[in-house]
Amino acid sequence: MAAEAETIWPRRLDDERATRELAADIAELVGPGDLVTLSGGLGAGKTTFARALIRLLTGDADLEVPSPTFLLMQSYESKTAPIVHADFYRIEKPGDLIELGWDEAIDGALVLVEWPDRGGDHLNADRLNIDFALDRDRGDGGAPGASRTATVTGFGSFASRLAKAKAIQQLLEPTSWRDARRQFMQGDASSRSFERLVKDDGSSAVLMIAPRQPDGPPIRYGKPYSAIAHLAEGLRPYVAIDRGLRAEGFSAPEIYAFDLSTGVILLEDLGSEPITADGGVDLERYALSAAALAKLHGLVLPDVLPVDDVDTYRIPAYDLDALSIEVELLLDWYAPHRARAQLSSGAKATFVSLWRKILTEGLPAESTWTLRDFHSPNLIWMPEREDVVKIGMVDFQDCVLGHPAYDVVSLLQDARVDVAAAVELKLLGHYARLRRVSDESFDIGGFARAYAILGAQRATKILGIFARLDARDHKPHYLAHLPRVEKYLVKNLNHPVLAEIKIWYETNLPQIFETA
């Protein structure tokens with residue numbers, strides 16, 4: 001049963017309410033197939049905790065939960081899975097569990113075991129252990145309601161789950177959101193997770209869990225992909241860009257609390273109304289989104305932003321290496337897994353060389369905050385606000401300093417929504433007119449060239465990302481968007497500045513043109 005402990009969470013249980021609060025925290029953490037072992041001497045509080053947890057999970061606050069010392073096992077039905085509460089105090093040797101039909105009894109159940117040391121190898125090494133003890137320093141002995149301590153330890157795969165729960169509890173504890181109901185929210189293509197917190201009065205906030213991810217293998221210059229592409233590592237970029245956008249008058253969520261070390265942040269809830277209508281373009285909302293970009297791109301913006309009172313964050317440049325490594329995702333994932341194309345090393349080298357030439361020679365040297373994910377899934381419609389502040393922005397942690405056309409093409413060539421060519425052109429003209437109002441020197445021809453280049457670059461990248469989400473991450477629903485993205489790619493490749501690279505696509509991936 002031995003496994004190396006990776007996460008430890010000490011708790012003080014001064015009264016039965018504290019025990020119930022611990023049970024509530026553990027209830028959020030466990031599910032079918034999990035093992036929770038309860039250690040500690042006689043009278044330490046193991047059964048009291050188990051009773052509180054079982055009542056929470058069954059939804060029955062008056063449920064009789066006797067100690068299973070004499071029956072050895074007691075079973076309950078919860079809303080999600082059976083619960084087995086066992087006590088091994090009277091087990092003489094681990095082999096006795098076989099005669100009790102232990103393995104059959106716990107199949108698919110959440111299992112709580114008191115006196116687990118007597119179970120030997122019959123207990124899974126991946127488990128949550130809670131060690132209860134009387135707090136002798138408080139001087140109340142073993143009297144009812146006596147102070148106790150509980151040391152919660154995550155073993156094996158439970159360690160990361162416990163670390164997450166610990167981080168959330170510690171962030172929320174000093175806030176007014178500690179007792180709010182927590183509701184799961186649908187996540188995105190990243191590794192982040194989200195919950196909506198709802199108070200009894202109906203007010204809500206959003207909890208985002210974005211722990212720093214381990215670096216992938218070095219692929220170039222001794223750096224992993226994320227470092228080359230300037231993807232956010234940890235919470236610092238999100239906090240800095242959020243505060244930067246709010247300082248400029250845009251609707252990014254207010255930050256209520258955050259912990260950089262654990263990647264947990266509590267945010268204003270901007271709502272859930274999309275800028276789309278019936279799954280398609282809502283012209284008014286898209287026009288205001290384009291206007292928000294025009295306003296942002298007309299500002300003189302800093303490249304260093306405060307994170308807190310002492311720390312700052314420098315926005316990285318969307319440089320040639322970042323743009324280039326992104327298009328290579330097409331070679332690594334889309335070509336072999338979707339196009340079933342076996343590209344030669346020469347064809348791959350030519351592809352990279354052509355793209356680096358275009359990105360070096362074709363892009364005008366204009367630079368601004370490039371949010372990189374400015375499209376419908378990340379934009380919230382807030383009709384109660386005015387003008388461009390009606391557009392809520394929630395995803396910008398990968399912000400870089402790049403050409404303004406990138407975010408415009410992200411919006412108008414939406415990977416998840418069909419944007420008709422006439423609508424795209426109308427919205428593009430709307431953006432350009434607003435830019436000309438604030439900057440008479442705005443070069444529409446240069447912008448159109450950059451729009452085509454970055455549109456093709458982005459479409460190429462997304463084809464690779466969606467193919468990777470299917471092949472590596474087992475998220476096949478992203479494949480439904482590939483025909484739309486292929487269509488955008490072909491449209492962008494028709495610009496004269498991309499004539500040479502278009503020949504490469506026609507030669508090596510002709511099926512893109514057949515389906516577009």
*Partner lysines for Lys390 [C-alpha distance under 23 Å; skip if fewer than 8 residues away on the same chain]*: Lys295, Lys426
*In Hz, Karplus ³J(HN,Hα) per residue of the range 118-132 (6.51, -1.76, 1.60; θ = phi - 60°; x = Gly, Pro)*: 8, x, x, 6, 6, 9, 5, 5, 7, 7, 10, 10, 10, 9, 9
*Counting residues in the chain as N, plug N into 2.2 N^0.38 Å and put the Cα Rg over that result.*
1.18
*Report, ordered by chain and residue number, the aspartates and glutamates lying within cross-link reach of Lys79, taken as a straight Cα distance under 14 Å and ignoring same-chain residues fewer than 8 apart.*
Glu28, Asp60
*Please sort by residue number the chymotrypsin sites (Phe, Trp or Tyr not before Pro) in the range 1-80 whose DSSP state is loop and whose Cβ has at most 15 other Cβ atoms within 10 Å.*
Phe70
*Fully extended, how many nm does the chain gain between Asp107 and Thr80 (0.36 nm per residue separation, minus their Cα-Cα distance)?*
8.4 nm
*Coarse-grained scattering of the range 257-393 at q = 0.13, 0.16 Å⁻¹, given as base-10 log I(q)/I(0) from a Debye sum over alpha-carbon atoms*: -0.91, -1.13
*With a 1.4 Å probe and all protein chains in place, put Ser272, Ser376 in order of accessible area, largest first.*
Ser272, Ser376
*Based on DSSP H assignment, which helices of the chain show an axial Cα extent of at least 27 Å together with a mean Kyte-Doolittle hydropathy greater than or equal to 0.5?*
444-471
*Taking amide H positions as placed in the peptide plane 1.01 Å from N, state which residues far from Ala317 in sequence (5 or more) or on other chains have amide H under 5 Å from it.*
Leu401
*Using alpha carbon centroids, what distance separates the range 380-416 and the range 9-55, in Å?*
45
*Between Thr58 and Val423, what FRET efficiency comes out of the Förster formula 1/(1 + (r/R0)^6) with R0 = 45 Å and r the beta carbon distance, rounded to 0.05?*
0.25
*Taking the alpha-carbon set of the range 389-516, what are its Rg and Dmax in Å?*
15.7, 49
_Checking the cross-link filter: which aspartates and glutamates have an alpha carbon closer than 12 Å to that of Lys93, excluding same-chain neighbours under 8 positions apart?_
Asp117, Asp121
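Across the range 1-122, how large is the tail of the calculated P(r) beyond 22 Å, expressed as a percent of all Cα pairs?
For the range 1-122, the share of Cα pairs beyond 22 Å comes to 33 percent.
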*Starting from the range 78-121, pick out the GluC sites (Glu not before Pro) whose DSSP state is loop and whose Cβ has at most 11 other Cβ atoms within 10 Å.*
Glu92
*Count charges around Leu479 for me, please; just the other residues with Cβ under 10 Å from its Cβ, Lys/Arg as +1, Asp/Glu as -1.*
+1
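Given 25 °C and 0.890 mPa s, how large is the Stokes-Einstein diffusion coefficient of the range 198-335 in µm²/s, with Rh as the Kirkwood radius over Cα pairs?
137
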*Within the range 262-293, what residues put their amide N at less than 11 Å from the label point 7 Å along the Cα-to-Cβ vector of Glu248?*
292-293
_With the crude spin-label approximation of a point 7 Å out along Cα→Cβ, what separation in nm comes out for Thr69 versus Asp319?_
6.9
*asked:* Need the full-extension length gain, Lys199 to Tyr89, defined as separation in residues times 0.36 nm minus the C-alpha distance. One decimal, nm.
replied: 35.4 nm
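Using only alpha carbon positions, build the gyration tensor of the range 227-294, then give the equivalent ellipsoid semi-axes as the square roots of 5 times its eigenvalues, largest first, whole angstrom.
Here the semi-axes work out to 27, 15, 13 Å.
With r defined as the distance between the Cβ atoms of Arg340 and Ile255 and R0 fixed at 41 Å, what FRET efficiency is calculated, to the nearest 0.05?
0.35
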*Would you mind calculating the gained length between Ser353 and Ala125 on full extension (0.36 nm times residue separation, minus the Cα-Cα distance), in nm to one decimal?*
77.0 nm
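Taking every DSSP beta bridge that has both residues in the chain, what percent is antiparallel when rounded to the nearest 5?
Percentage antiparallel, nearest 5: 80.
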*Could you tally the net charge around Leu35, taking each other residue with its Cβ under 10 Å from the Cβ of Leu35, Lys/Arg +1 and Asp/Glu -1?*
-1
*Viscosity 0.890 mPa s, temperature 25 °C: Stokes-Einstein D of the range 199-246 from its Kirkwood Cα radius, in µm² per second?*
183
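Quick one: which of Lys223/Lys461; Lys223/Lys348; Lys223/Lys491 span more than 25 angstrom between C-alpha atoms?
Correct reply: Lys223/Lys491.
The values are calculated or read from the model by the stated rules, or taken from the named source; none is laboratory data. On a predicted model such as this, the values are computed, not experimentally measured, just so you know. Cβ sites come from the backbone with ideal geometry, for glycine too, and all protein chains shown count toward neighbours. Note: accessible area is taken over every heavy atom of the protein model, side chains too, but ligands, DNA and RNA are not part of it. Shrake-Rupley method; radii C 1.70, N 1.55, O 1.52, S 1.80 Å.
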